[in-house]
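The values are calculated or read from the model by the stated rules, or taken from the named source; none is laboratory data. Quantities reported herein were computed from a predicted structural model and do not represent experimental measurements. Here the Cβ positions follow ideal geometry from the backbone for every residue, glycine too, while neighbour counts run over all protein chains shown.
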Amino acid sequence: MTRKQAEQLFGINHEIWLERRRVQEFLAAKSDPSVSITGLPHLNSRVYSGKVEIEILQKAVEKRIERLVKRYLEIMDFIEQEPDSWARQLLTLRCLYGLPWERVAQSMGGNNTPGGVKRAYYRYFEKKREN
């Protein structure tokens, strides 16, 4: 796994949250035609006279959620497979929680500096690429 792939974890987590919110909007729009649907500017569910269109949109979003969850689990598995506890913590704090380097260093403790944990992070992926 590359650094860029691992760094997608935080974004994927946010995307899953957003897409689940959209599913809730679709469910609300099925029962209340005045409910607006995000991503459809100046339109609301009244445009979709039947529930079939809303169900199609909902299924598309649910498929996207499934793909995002699969990718999320792949990255989490990569982190869990790391035998070194320090490296797992580093990957979790940076990739899963999306913390800035300052917060990663503070959370890691042991007089780590932002620059030090950043260098260790990049070296980790350089080493993985070489193997």
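Based on what the data block shows, is residue 93 within 30 Å of residue 27 (Cβ to Cβ), in a helix (DSSP H, G or I) and in contact (Cβ under 8 Å) with a residue 12 or more places away in the chain?
It is false that residue 93 is within 30 Å of residue 27 (Cβ to Cβ), in a helix (DSSP H, G or I) and in contact (Cβ under 8 Å) with a residue 12 or more places away in the chain.
Within the range 96-131, can you find the residues that are among the polar types (S, T, N, Q), surrounded by 15 or more Cβ atoms within 10 Å (Cβ to Cβ) and not in a helix (DSSP H, G or I)?
Passing the criteria: only 112.
Of the residues 102, 130, which is modelled with pLDDT under 95, of a type in the set (Asp, Glu) and not assigned by TED's automatic domain parsing to the domain that holds residue 14?
130
Select from the range 77-93 the residues that are farther than 13 Å from residue 5 by Cβ and touching a helix residue (DSSP H, G or I) at 6+ places or on another chain (Cβ under 8 Å) and list them in ascending order.
80, 82, 86, 87, 88, 89, 90, 92, 93
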